[in-house]
Amino acid sequence: MERIGEFKSFYRDKTMEELDDDTKKWKAQIEFLQYDFDFLKSLLDSDIYNAGIINLFETLQLYKAQVEDTNKEALKVSNKLMSHQEHIKTYLECDDINCDYFFMEIHAKMEYDVAVFLQESNTMKLQLFEYIKSVIKK
């Protein structure tokens, strides 16, 4: 999968409330993505495909496994985000410049990880949509 190019984060001037809002936004994106995966699993299990497609069953099974794996990864990312929100609360009690720098680095990495996951998930969904479009009954 294609990775995000040069990544720059601009959190040095944000407040903790803004960082918390960013984290909530990321969680909402991941949660919505999990609804996408639930729908895709239902779509892959439905009887809407042309019967004469070579390796249809095998390909659908591969996509089901891929959707399931990506959904599990979404759950891991969501759990990391919940933990990150707890760290934001802890960070508010820290008044050391080294603590500031360390936390901003963690937040930037979290932003990068979420962006990569969302990009990879969208790429997988696009491939799946293209395949389904090519084998669906018309």
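Under a model in which nothing but the beta-carbon of Lys, Arg (+1) and Asp, Glu (-1) is charged, the stretch 20-138 shows a dipole of about 780 debye around its Cα centre.
Surface composition of the stretch 10-138: carbon and sulfur atoms hold 57% of the protein heavy-atom accessible area at a 1.4 Å probe.
The packing ranking of peptides 74-86, 36-48, highest mean first, is 74-86, 36-48, where packing means the average number of other beta carbon atoms within 10 angstrom of each residue.
The residues Y101, Y35, Y131, Y112, sorted by heavy-atom accessible surface at 1.4 Å with ligands and nucleic acids left out, run Y35, Y101, Y112, Y131 from largest to smallest. For the stretch 47-136, just say rounded, prolate or oblate: build the C-alpha gyration tensor, square-root its eigenvalues into a ≥ b ≥ c, call rounded for a/c under 1.5, and beyond that prolate if a/b exceeds b/c, oblate if not. It comes out prolate by the Cα gyration axes.
Would you mind counting up the charge near Q61? Only other residues with Cβ under 14 Å from its Cβ, with Lys and Arg at +1 and Asp and Glu at -1.
On the way: positive: K41, K64; negative: D45, E58, E68, D69.
Local net charge: -2.
Computed with a 1.4 Å probe over protein heavy atoms only, the accessible area of I88 comes to about 10 Å².
The values are calculated or read from the model by the stated rules, or taken from the named source; none is laboratory data. Computed from a prediction, not measured in an experiment: that's the story for all the values here. All Cβ positions, even for glycine, are placed from backbone atoms using ideal geometry, and neighbour counts span all protein chains on display. The accessibility values were calculated without ligands, DNA or RNA, using every heavy atom of the protein model including side chains. Shrake-Rupley method; radii C 1.70, N 1.55, O 1.52, S 1.80 Å.
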